[in-house]
Amino acid sequence: MESKKPPPSALVDNHVVPGDVILDLADMTNQTIKLGAGLRQDYDTIQATSAGRLRLSKPNKYWVESSQKRYIPSVEDTVLGIVVDTKPDNFLVDIKGPNFAFLPVLSFEGGTRRNIPKFEIGTLIYARVVKANSIMNPELSCMDASGKAAEFGQLKNGYMFDTSTGLSRMLLSSPTCPLLEALGKKLSFEIAVGLNGRVWVNAPSPSNVIVVSTAIIRSESYTQIQQKSMVENLLVKLS
Amino acid sequence: MMDQRWRPTVNEREFIEQALQSDLRVDGRRPFDFRKLKIVFGREDGSAEVELGETRVMGYVTAQLVQPYKDRPSEGTLAIFTEFSPMADPAFEPGRPGEAAIELGRVIDRGLRESRAVDMESLCVVAGKHVWSLRVDLHILDNGGNLIDAANIAALAALSTFRRPECTVGGEDGQQVTVHDPEVRDPLPLTIHHLPIAVTFAYFGDGNIMVIDPTYKEEAVMGGRMTATINSNGDVCSIQKAGGEGVMSSVIMQCLRIASVKAADITSKIKSKVEDYTTTKALQKVKRTPALVPKKVHVPDVAMKESTGALENQASKTSNDVQQISKGDDDQQNMKRNLPLTGDRTVKHKQTSTCIGGPSNWDPYSKGVSLSSLRISQLPDPPATVKDNKQEDVELMLTESNPEVKSTSNSGAAGETDEAQESRTPKSLKDAVKPKHKRKKKQHGKS
């Protein structure tokens, strides 16, 4: 390992399009660079294969963050799915991906053949992606890794709407995004965000739900400051 | 095979109904509010794209000379074709139109045909042999709910801006029809008596809650729907209620009342957009004709009259008669200038409208030279000073105006100075008249 750290790519935190050369490896030796989504090694260069922002996690992890309406399932993502069919062994769940996902009937906390949950078509489920590759249908689970329920399962009442994958990631970012913080100061609501571009909002009064959902939908391309001011304007208008 | 249709969740269904109990809709509208309406016209006459919230529909009108139907030999025909493109909604299949597509086409067709909104008899060219057949194509670009209303507005907007070629009947037997090229003779608009506006209502929860202009999600969870086509006079052109929840007759009457209010509102929106479009088109036409187009004829009238009048005052030798003659000649001269333009109907219309185009090419007074600046120069100074001032003003003018205009305004300015000089010492009526002709000739020569 060289004592000198590899210089980070000049394009970090910039927008890239497929074909952009991120790094030239010709002048680097004996270094490990980890590539995440949207990047590919092409002989001596690292090129982007999807459009989005290039991100770097020190010291050497690169990936491209892109935002789409469709979702490509990847393992350990938490998603919101809609039950479209029930089979003897699993539920068929729509997670906005290329295929329907399977949710085994036993993947619930304390699940046995005796107490299989009864989900009707159209039920909203908060689940975790366990298996995902391009060949098979993805598999979900309503338990966390240790077998506990951990908030997974059916979501009752409330209202669900679609967003882009980028917006869901923004809502889940920590520290809490200014949008949710500003809304949370004035209104009481609970929210479940799926990385597949679905958001569920619940509140004691329907008007709160509508305010929160409209605010989130509108903030699709807003920066942090814009989000805050948009929410403030919205709340002022209502009070 | 995967069915890509969007499915509502149980949660949404319950929530939408629950929110409607308190008169709240998911997108923040009130129950009887339409979404934002936007109408954009295409480059060609007769094409319009309508955005009603997220729903987008494009309408396109074409016409063809055909043989009329045997039972209506002196009427044109109107046909509506709909295309539900799969890009609008994953549930739309390419190929044969589904039930919804046919229903939409029928409702719009009935609204236009039964109410005789478009005058069919004016489309007749030779009775029994040649009539115009109108074809309205409606393409659904994005299904955000309430396709019928949006498609209806698109059809109306397209029909209002459509122009059919002018044709004359001639020949030995009076049966030969010549269709004129639009460049040769202006195409004619259709005669539209009124605009039938479709207003769709969606019913929820036992038929006692209704909303106007349902969105995609509301349509998926509604119990039933009714479309009423009404014009701004309050005439009901058609009503469509195909299945769904039953509603009481009192509810239907209330819906019709609400629909007539909404129809008046939408009619005014469509009319103002169509008017904006036709005036922009007329403006474009005017700009294309060669340089001698006055855009604000009445202003140069006044400026010229008064300025030449002022100049007349300055010259001590002028008499009242000469003044009046020169004023009269101003009028005459302007009239003469107008002659080459009277053939073009659209320019006349332009002159009466309040649209302001750029400064006219030929008039040295249209820009820069204000009456007050001229008047100040008219203070008791010898005529030479006046001329100098005027020349300065004119030169200022030249530097301000466009380079392409410079030549014509130069000639105009030169003509003016000549005229001023000559008018200051008029000897007879002829002398007073001559300079105008001279100037006109100079103009023609330069342009």
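The values are calculated or read from the model by the stated rules, or taken from the named source; none is laboratory data. Computed from a predicted model, the values in this text were never measured in an experiment. Cβ atoms come from the backbone with ideal geometry, glycine included; neighbour counts cover every protein chain shown. These area figures cover heavy atoms from the full protein model, side chains too; ligands, DNA and RNA do not enter into them. Shrake-Rupley method; radii C 1.70, N 1.55, O 1.52, S 1.80 Å.
If one computes P(r) from the Cα atoms of the range A:14-65, what percent of pairs lie at distances over 17 Å?
28 percent
With a cap of 16 neighbouring Cβ atoms within 10 Å, and only residues DSSP puts in a loop, list the trypsin sites (Lys or Arg not before Pro) found in the range B:132-199.
Of the trypsin sites (Lys or Arg not before Pro), the ones in loops of the range B:132-199 whose Cβ has at most 16 other Cβ atoms within 10 Å are B:185.
How large is the direction-averaged shadow of the alpha-carbon convex hull of the range B:75-141, in nm²?
5.3 nm²
Would you mind pulling out the separation of the Cα centroids of the range A:15-69 and the range A:102-122, in Å?
Result: 41 Å between the Cα centres.
Hey, with R₀ at 22 Å, roughly what FRET efficiency would residue A:149 and residue A:89 work out to, going by the Cβ-Cβ distance, to 0.05?
That pair, residue A:149 with residue A:89, gives E of 0.60.
Provide, in order from the shortest bin, the percent of all Cα-Cα pairs of the range B:6-100 in each 10 Å bin, continuing until the bin that contains the maximum pair distance.
The percentages, shortest bin first, are 11, 24, 31, 20, 9, 4.
Can you work out D for the range A:77-154 in µm² s⁻¹ from Stokes-Einstein, where Rh is the Kirkwood radius over C-alpha pairs, the temperature is 10 °C and the viscosity is 1.306 mPa s?
The calculation lands on 129 µm²/s.
More than 33 angstrom separation, counting every C-alpha pair in chain A; what % is that?
32 percent
Enumerate by residue number the trypsin sites (Lys or Arg not before Pro) in the range A:132-239 meeting two conditions: DSSP loop (anything except H, G, I, E, B), and at most 12 other Cβ atoms within 10 Å of the site's Cβ.
Answer by residue number: A:148, A:156.
If you take the accessible area of B alone plus A alone and subtract the pair, what total do you get in square angstrom, rounded to 100, with a 1.4 Å probe?
Buried area (both sides, nearest 100 Å²): 1600 Å².
Please go through the range A:1-102 and write out the GluC sites (Glu not before Pro) that DSSP classes as loop and that have at most 12 other C-beta atoms within 10 Å.
Here the GluC sites (Glu not before Pro) that fit, given the DSSP loop and packing criteria, are A:2, A:76.
Can you give me the three principal axis dimensions of the range A:1-94 from its C-alpha atoms, in Å, biggest first?
57, 27, 23
From the backbone phi of the range B:256-264, what are the Karplus-calculated ³J(HN,Hα) couplings (6.51 cos²θ - 1.76 cosθ + 1.60, θ = phi - 60°) in whole Hz, Gly and Pro given as x?
The phi angles translate into 5, 5, 4, 4, 5, 5, 5, 5, 4 Hz.
To the nearest whole percent, what portion of all C-alpha pairs in the range B:140-285 is separated by more than 28 angstrom?
That tail contains 38 percent of the Cα-Cα pairs.
How much space per residue, in cubic angstrom, does the convex hull of the C-alpha atoms of the range A:118-198 take up?
147 Å³
Counting Lys and Arg as +1 and Asp and Glu as -1, what is the net charge of the other residues whose Cβ lies under 13 Å from the Cβ of residue A:52?
Charge balance in the 13 Å sphere: 0.
Obtain the radius of gyration and the Kirkwood radius of the range A:178-233 from its C-alpha atoms and give Rg over Rh.
0.94
Counting only C-alpha contacts under 8 Å and six or more residues apart, can you give the relative contact order of chain A as a whole percent?
Contact order relative to length: 14 percent.
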